[in-house]
Amino acid sequence: MHIRGLITVAALLAFAPLPFADSAIAQSAIAAAVAKPVSLPDIAIGSANAPITITEYSSMTCPHCAAFGQNVFPMLRSKYIDTGKVRFVFREFPLDIKAASASILARCIGAGDSEKYLAAVELLFKLQDRLMTETKDTLFYVGKVHGMSVEDVETCEKDQAQFDKLTADQRYAVQELKVTATPTFFLNGVRLQGTMSFEELEERIKPLLKK
């Protein structure tokens, strides 16, 4: 499961340019930067014509990310994503090699299908404590649940090209979008860092739907 070239957030920040000025023009620039295609295919659900796009940067080993995924996301999905009001984009921002390995596994399980990917993420979040202490066994278990053999998981985790793309996307998030922690959300270009309850998120969504 060893990979080379994983860059830490601290190292990436050393090369990060100054933040955008706080203005409408800057927000528009950030929104365009968030929407720009990255190395790995986006994991996205919801209508492409939705008036609101929420992009989340998440780490599989982040407790706050797991809490959002288990407690807030289901309500966000049923009320806003499935009704065509919000398009949700999930992007990986691994805080450590365990999170990176979990992300790559989810990519292999999803095989380009966002719903399958998110189902794997849901299980990984539920098993987060186990992922931290028994990483390899947990990856094998999650793979098995989704029809992968031990050999399939091992092959998946040896795909250096995928890890390189993951690192490139994380570098872009730090340098261009000022992502420094997880979870970080972009709500139509507005950066929101840290955990949020469904009520807090809804307070920000409703005004945008009235425009």
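The values are calculated or read from the model by the stated rules, or taken from the named source; none is laboratory data. Keep in mind the model is a prediction, meaning the values are calculated, not measured. In this analysis, Cβ positions are derived from the backbone assuming ideal geometry, glycine residues included, and neighbour counts consider all displayed protein chains.
Residue check: Ile43 meets all listed conditions (1) surrounded by fewer than 14 Cβ atoms within 10 Å (Cβ to Cβ); (2) closer than 17 Å to Leu124 by Cβ; (3) within 12 Å of the chain's Cα centre (by Cα) but one, namely (1). For the range 127-159, a residue qualifies if it is touching a Gly at 6+ places or on another chain (Cβ under 9 Å) and among the polar types (S, T, N, Q), and exactly one does: Ser149. Summed over the range 159-210, residues that are in a helix (DSSP H, G or I), in contact with a strand residue (DSSP E or B) (Cβ under 7 Å, 6 or more places away or on another chain) and small (Gly, Ala, Ser) total 1.
Check whether at least one residue in the range 117-126 is at negative phi, small (Gly, Ala, Ser), touching a Gly at 6+ places or on another chain (Cβ under 7 Å) and crowded, with 18+ Cβ neighbours inside 10 Å, and report yes or no. Looking through the range 117-126, at least one residue is at negative phi, small (Gly, Ala, Ser), touching a Gly at 6+ places or on another chain (Cβ under 7 Å) and crowded, with 18+ Cβ neighbours inside 10 Å. Pairs linking a residue in the range 82-111 that is closer than 21 Å to Ala48 by Cβ to a residue that is modelled with pLDDT of 95 or more and of a type in the set (Phe, Trp, Tyr), with Cβ atoms under 6 Å and 6 or more positions apart or on different chains, are Val86/Tyr80; Arg91/Tyr57; Gly110/Tyr117. Residues in the range 5-25 include none that are at pLDDT 95 or above and assigned to a loop (DSSP other than H, G, I, E, B). Within the range 62-71, identify whether any single residue is in contact with an Asp or Glu (Cβ under 9 Å, 6 or more places away or on another chain), farther than 29 Å from Gln160 by Cβ and either surrounded by fewer than 16 Cβ atoms within 10 Å (Cβ to Cβ) or not small (Gly, Ala, Ser) (or both), and answer yes or no. Taking every residue of the range 62-71 in turn, at least one turns out to be in contact with an Asp or Glu (Cβ under 9 Å, 6 or more places away or on another chain), farther than 29 Å from Gln160 by Cβ and either surrounded by fewer than 16 Cβ atoms within 10 Å (Cβ to Cβ) or not small (Gly, Ala, Ser) (or both). Residue by residue through the range 82-101, note down the ones that are surrounded by 22 or more Cβ atoms within 10 Å (Cβ to Cβ) and over 14 Å from the mean Cα position of the chain (by Cα). The one that is surrounded by 22 or more Cβ atoms within 10 Å (Cβ to Cβ) and over 14 Å from the mean Cα position of the chain (by Cα): Val86.
Residues that are of a type outside the set (Lys, Arg) and closer than 17 Å to Arg77 by Cβ were ranked within the range 194-207; the one that is surrounded by the fewest Cβ atoms within 10 Å (Cβ to Cβ) is Glu199. Given the residues Lys85, Lys36, which is the only one that is within 22 Å of Asp169 (Cα to Cα) and touching a helix residue (DSSP H, G or I) at 6+ places or on another chain (Cβ under 9 Å)? Result: Lys36 is the single residue among Lys85, Lys36 that is within 22 Å of Asp169 (Cα to Cα) and touching a helix residue (DSSP H, G or I) at 6+ places or on another chain (Cβ under 9 Å).
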